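Data block below; observations after.
The values are calculated or read from the model by the stated rules, or taken from the named source; none is laboratory data. From a predicted model like this one, the values you see are computed outputs, not experimental measurements. Heavy atoms of the whole protein, side chains included, go into the accessibility calculation; ligands, DNA and RNA do not. Shrake-Rupley method; radii C 1.70, N 1.55, O 1.52, S 1.80 Å.
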Amino acid sequence: ILGFSTPPGRLSMMAFILNALTCALALLYFIRRGKQCLDFTVTVHFFHLLGCWIYNSRFPSSLTWWLVHVVCTALMAAIGEYLCMRIELREIPLSSAPKSNV
């Protein structure tokens with residue numbers, strides 16, 4: 001069903017890309033570490049590959065399927081790592097006023 005020639009194929013590919021973007025936000029919320037984003041992204045896509053293999057009773061062999069998933073993996077990892085690194089590199093606020101909890 002994936003392909004550029006039919007409207008359902010284009011819609012499916014756009015759904016995969018939007019899913020990669022929302023999963024990148026999930027990496028920001030759940031992982032919060034830039035170094036671990038690639039690991040979790042590859043793990044999620046590996047489990048998706050296993051699920052597709054079991055559901056279809058055959059290994060995915062379509063070039064379009066592989067291209068879409070490689071692009072989605074790269075998008076999810078890159079955007080997730082970018083968002084996590086922005087959070088990690090924030091300045092730590094330092095106040096010069098002394099604490100007085102008496």
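Residue by residue, region 61-78 carries 3J(HN,Hα) couplings of 10, 6, 5, 4, 4, 5, 5, 4, 6, 5, 5, 5, 5, 5, 4, 4, 5, 5 Hz when phi is fed to the Karplus relation 6.51 cos²θ - 1.76 cosθ + 1.60 (θ = phi - 60°); x denotes Gly or Pro. Its relative contact order, with pairs defined as Cα atoms under 8 Å and 6+ residues apart, puts region 34-87 at 61 percent.
The residues of region 27-102 expose on average 82 square angstrom of accessible surface per residue, using a 1.4 Å probe on protein heavy atoms.
Helical runs (DSSP H, four residues minimum) scored at -39500 (n - 2.57) apiece and divided by the length of the chain put the mean residue ellipticity at 222 nm at -24000 deg cm²/dmol.
Our summary gives the chain a relative contact order of 38 percent, counting only alpha carbon pairs under 8 angstrom and 6 or more residues apart.
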